[in-house]
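Every number in this text was worked out from the coordinates using simple rules, so none of it is lab data. Just so it is clear, the structure is predicted and the values come from calculations on it, not from any experiment. Ideal geometry is used to build each Cβ from the backbone, glycine not excepted, and the neighbour counts take in all protein chains shown.
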Amino acid sequence: MFQLPTCDDDAQEVQSIIGRSVASNLRLPERHKPFMISRKHATITCLRANGRNVYTIVDNESTNGTFVEDVNIPSVGGRVLAGDEIVSFGGPRTCIDRDGLKFDNPYQFRFIISRGLAQVGSTSDAPVNCASTRCIDEILQCSVCHDAVVDAHVLPCSHNFCGECILKWHDTLKNKNQGTTCPNCRAPYAAEPTPNPSLDKLYELTVQPRMPLRERRSRDDRVAKSVRARNARDKKKMCKRLLRSALMSPDIVNLLVGRQAPA
Ligand SMILES: [Zn+2]
Ligand SMILES: [Zn+2]
């Protein structure tokens with residue numbers, strides 16, 4: 001049961017985001033069918049009208065749509081939820097997989113006013129072709145941001161993370177003078193996390209071909225952002241090193257203490 005927040009005053013509006021992103025209020029992990037759920041798939045807003053809570057749902061231009069009682073809802077305006085409806089994400093209540101086989105949508109919920117979303121449907125009816133891909137998807141998931149790993153970096157314990165996620169984690173621990181430990185298994189490590197391009201390659205070969213174009217673009221953006229962050233970090237580190245060695249040079253020391261440098 002996912003409790004939706006209620007609204008106590010007329011000027012207020014409370015939003016809940018449902019999606020794959022860690023920033024979602026209700027996160028739908030992609031265990032059943034990869035990329036069925038978009039990062040910020042849909043939003044449910046609670047507002048107060050005539051002294052009672054009114055809930056509206058909009059689809060955030062998700063790849064596979066949001067459905068209320070099997071009707072695809074629009075991205076603009078959305079629709080009001082009256083209560084006791086089945087809301088499904090990524091498809092209607094019964095979906096069809098790539099092989100044309102029917103399966104129960106694992107992301108369907110009964111909406112109950114003032115209570116929230118109660119999961120319905122049998123999750124054991126996962127699509128048939130998922131056993132091996134599910135395993136790969138789990139290996140390729142970063143346990144910091146819970147999204148697919150981009151610009152992979154590995155620790156000695158063999159856990160992989162996005163470059164940006166793990167370097168941020170590493171720097172935060174270092175800045176606090178704390179020992180560095182793996183965010184997944186807590187094993188201590190000493191050296192900096194190392195890039196693992198073979199994991200990126202594995203992703204490209206196994207998951208990328210199944211990805212819708214929109215997801216692929218959003219992944220490209222994440223890769224570019226991670227590489228930019230890593231380059232900026234490297235530059236900063238190099239500047240610090242240069243400054244430190246410059247400050248140690250006899251010329252600079254002499255300059256600072258006001259002595260003439262020997263000819
Ligand atoms: Zn990450
Ligand atoms: Zn680990």
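The table for this structure:
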{"quantity": "For q = 0.16 Å⁻¹, Debye-computed log10 I/I(0) when each Cα of segment 206-262 counts as one equal scatterer", "calculated": "-0.67"}
{"quantity": "Neighbour-count order for C7, C157, fewest beta carbons within 10 angstrom listed first", "calculated": "C157, C7"}
{"quantity": "Given charges at Cβ of Lys, Arg, Asp, Glu: the chain dipole, positive-most of G258, S198, I86", "calculated": "G258"}
{"quantity": "Calculated P(r) of the chain - Cα pairs past 25 Å, %", "calculated": "58 percent"}
{"quantity": "Charge dipole magnitude, Cβ of K and R +1, D and E -1 - segment 71-112, Cα centre, debye nearest 20", "calculated": "60 debye"}
{"quantity": "Label-to-label distance, nm, for residues given as C185 and E61 (7 Å Cα→Cβ offset)", "calculated": "4.2 nm"}
{"quantity": "Top positive-direction residue, dipole computed over the chain with Cβ charges, set L101, A246, L4", "calculated": "A246"}
{"quantity": "Computed E for V22/L242 - FRET, C-beta separation, R0 45 angstrom, nearest 0.05", "calculated": "0.75"}
{"quantity": "Estimated dipole of the chain in Debye, rounded to 20 [Cβ of Lys and Arg +1, of Asp and Glu -1, Cα centre]", "calculated": "1260 debye"}
{"quantity": "Cα-centred dipole magnitude for segment 140-247, charges only on beta-carbon of K, R (+1) and D, E (-1), debye, nearest 20", "calculated": "480 debye"}
{"quantity": "Point-to-point label distance, A224-A118, nm (Cα→Cβ direction, 7 Å offset)", "calculated": "4.6 nm"}
{"quantity": "Per-residue Cβ neighbour rank within 10 angstrom, fewest leading, L117, L173, L213", "calculated": "L213, L173, L117"}
{"quantity": "Lys/Arg +1, Asp/Glu -1 at C-beta; the chain dipole; positive extreme among P209, C182, M36", "calculated": "C182"}
{"quantity": "Residue among L26, L242, L199 with the largest mean-square fluctuation in a Gaussian network model of the chain, springs linking Cα atoms under 10 Å", "calculated": "L242"}
{"quantity": "Segment 137-179-segment 41-81 distance, computed between alpha-carbon centres (Å)", "calculated": "35 Å"}
{"quantity": "Size of segment 2-126 as Cα extents on the principal axes (Å, biggest first)", "calculated": "49, 25, 23"}
{"quantity": "Hits among lysines - C-alpha to C-alpha of K237 under 26 Å, sequence gap 8 or more where chains match", "calculated": "K168, K174, K176, K225"}
